[in-house]
Amino acid sequence: MHHFDLLLRPAGIPVPPRRRALVERVRALLPSAYDVDGLLAHRDAYATAVRQALGATAYRPEIAAFVGLCAEVTGARPSYAWLGRVRELVQREPGARAALAPLLRSVGVRLDGPGAVRYEDAELTEDSGRLLTGAAWAACVAERVPALRDLERALSRYAGRPPEELSAGAALFLRGGLAALGALAGEPADAADERLLATASGRPGTAAAEALRRLRRYPAELDPAAMSVAVGAYTAHFTVDPTGRVSLGFRNEQGVRLLHVPRRVRTHTPAAYAALRARVAELTARTTAFKGSLTERLHDDPGQTWARWRALHLDPPLLEPLTRALVWQADTVAGPVVGLPVRRGRAGGWALRDLRGHFHEVADSATVRLWDPRGADAAEVAAWTTALRRRRLVQPVPQLPPGK
């Protein structure tokens, strides 16, 4: 007995009576809780391909239970309870993992023979999209590298397609699959979600991270130095605070800042959204490295020319907020000047503003370095501490004692 392909025949094509009777007898042996034929009914070519790939193994209780669990997923991110049930099943019945390969490798399969359906890769019904999303999370729960590679291949069929070409089922699978890989790779969840999986160590975590790097699709307009990028009808903005924390936000066509990620961005451009979230991690790594450099120079800064310092510290939008929260000292012709970096007007150049509010222009060849409070008197240190507290500035590194 190789294939129970009764349901591979669409309506109108007769089924031999003996085959029908055989399938019914086997179905009767299966507990009523496992409706495999209902779960894998002929609704699109993917479901048909899965049913054919599973063959007689579809009636094994652990396989049927696994498929049933995958079909229960209704959104891109399942519940903790669902993840626990999957983990319990694969630990209790290791053979259940055998369903992963048919579920993931059937994406994009073109069937030949009677009842075959010609279809485009992006045409997935919502039911099949939910089934695939469940399989994606199950693959990450199982932490099997071959299954993760199968998941990457399945996702790659949709990651590069324009949003308008994706069916609702394909968009759900793409979003859910990327979220599952991100969770396994240890990427931080966004503001609306909590992390669902513990970071995997060793090969599974590495495989998930590598798959994400290959699957993400950055918006074509994304300038590596830009802090904003258009995503359909919305604009994504990266903002950084003086402590170096980077966040991702969105504005609509009217320029109004939104409190949450637009649903259309999540559901219609999941690969671009995943890329934007990855960019948050990349930008955060840059601010962290910059803070490390500042820490090393706190009390032994050799200095740089004003022109080079300005190009490295103030011209990059990512580093400007951190630089402006620190007190700097410039060696000018008139003597040392201590102040906070400020811009003279929207189109003006940079200057240092001292405690009295005076602006000091600095020549490009002058040397500028982090101000070292250890060489100043207590009154000046207290004055700068008060000035920063009044401005509600939190420094990226502890140059001054925290204000009371």
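Only one of Thr243, Thr284, Thr267 is of a type in the set (S, T, N, Q) and more than 18 Å from the chain's Cα centre (by Cα); which?
Checking each option against the conditions leaves just Thr243.
Among residues belonging to the stretch 273-290 that are charged (D, E, K, R) and surrounded by fewer than 17 Cβ atoms within 10 Å (Cβ to Cβ), point out the one that is farthest from Phe250 (Cα to Cα).
Result: Arg286.
Determine which single condition Leu355 fails, assuming it passes every other condition in (1) open to solvent by less than 40 Å² (accessible area, probe 1.4 Å); (2) more than 29 Å from Met227 (Cβ to Cβ).
Leu355 satisfies all of (1) open to solvent by less than 40 Å² (accessible area, probe 1.4 Å); (2) more than 29 Å from Met227 (Cβ to Cβ) except (1).
Give me a count of the residues in the stretch 131-157 that are touching a residue at least 60 places away in the same chain (Cβ under 8 Å) and not polar (S, T, N, Q).
15
Out of the residues in the stretch 334-375 that are more than 43 Å from the chain's Cα centre (by Cα) and touching a residue at least 24 places away in the same chain (Cβ under 8 Å), state the one that is nearest to Thr295 (Cα to Cα).
My answer is Arg374.
Out of curiosity, is Val337 hydrophobic (A, V, I, L, M, F, W, C), under 21 Å from Leu400 (Cβ atoms) and in contact with a Gly (Cβ under 7 Å, 6 or more places away or on another chain)?
Here the answer is no, as Val337 does not meet what is asked.
For the stretch 346-404, which residues satisfy the criterion of being assigned to a loop (DSSP other than H, G, I, E, B) and of a type in the set (A, V, I, L, M)?
Answer for the stretch 346-404, where residues must be assigned to a loop (DSSP other than H, G, I, E, B) and of a type in the set (A, V, I, L, M): Ala347, Leu355, Val362, Ala363, Ala366, Ala376, Leu393, Val394, Val397, Leu400.
Right, Val342: open to solvent by less than 30 Å² (accessible area, probe 1.4 Å), in a strand (DSSP E or B), more than 15 Å from Arg310 (Cα to Cα) and not hydroxyl-bearing (Ser, Thr, Tyr) or not?
No; evaluated as a whole, the condition is false for this residue.
Can you pull out the residues in the stretch 373-404 that are exposed (fewer than 15 other Cβ atoms within 10 Å of the Cβ) and closer than 12 Å to Ala325 by Cα?
Arg389, Arg391, Arg392, Val394, Pro398, listed by residue number.
Which pairs do you get when a residue that is in contact (Cβ under 8 Å) with a residue 24 or more places away in the chain and closer than 12 Å to Asp372 by Cβ, found in the stretch 321-333, comes within reach of a residue that is small (Gly, Ala, Ser) and surrounded by fewer than 22 Cβ atoms within 10 Å (Cβ to Cβ), reach meaning Cβ atoms under 9 angstrom, with the pair 6+ apart or on two chains?
Filtered contacts from the stretch 321-333: Val327/Ala387; Gln329/Gly303.
The values are calculated or read from the model by the stated rules, or taken from the named source; none is laboratory data. The shown structure was predicted, so the numbers you read here are calculated from the model rather than taken from an experiment. Glycine also receives a Cβ, built like all others from the backbone with ideal geometry; neighbour counts cover every protein chain displayed. Heads up: the accessible areas ignore ligands, DNA and RNA and are worked out on the full protein's heavy atoms, side chains in. Shrake-Rupley method; radii C 1.70, N 1.55, O 1.52, S 1.80 Å.
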